[in-house]
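Please read the structure below before turning to the comments.
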Amino acid sequence: MKFIVQWNGLPTAENSVIERFMKTGGQAPEGVKLLGRWHAIGGLHGFAVVEADDSRGLSALALEWGDLLTMSVFPAMTDEDLGAALGAHQAKRK
């Protein structure tokens, strides 16, 4: 299943975030496949799209950075998946 991971950090955490990212490369933990990651210019904000079969790896990711960043994790759907769900919903209503 795909998930959107959003993060925000305070300017006071900037140096620590930079150090950790440069040291680890921001690698995803075991059980999480990083599909893409984007960073905002001029701040500790961004998001990633990841794939995971269960929540264990997502929990590890949040805990790994939780002392420096706040994270939100949301299930994600492709347009095709959403279209199928909407079609099924509309069919039930008829």
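Computed from the coordinates by the stated procedures, all read-outs in this text should not be read as laboratory data. Note that the structure is predicted; figures quoted are calculated from it, not measured. When we count neighbours, we look across all protein chains shown, and the Cβ atoms used for this are built from the backbone with ideal geometry, even at glycine.
Values for this structure:
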read-out	value
Residues of segment 42-75 satisfying the condition of being of a type in the set (D, E, K, R) and in contact with a helix residue (DSSP H, G or I) (Cβ under 9 Å, 6 or more places away or on another chain)	GLU64, ASP67
Residue count for segment 1-46, restricted to those that are farther than 17 Å from ASP67 by Cα and outside any loop (DSSP other than H, G, I, E, B)	11
Pairs, first surrounded by 13 or more Cβ atoms within 10 Å (Cβ to Cβ) in segment 48-75, second in a helix (DSSP H, G or I) and not hydrophobic (A, V, I, L, M, F, W, C), C-beta under 6 Å, six or more apart	LEU68/SER16
Residue check for ARG37: surrounded by 13 or more Cβ atoms within 10 Å (Cβ to Cβ), without any contact (Cβ under 8 Å) to a residue 40 or more places away in the chain and of a type in the set (Lys, Arg)	yes
Filter result (under 12 Å from the mean Cα position of the chain (by Cα) and basic (Lys, Arg)) within segment 37-76	ARG37
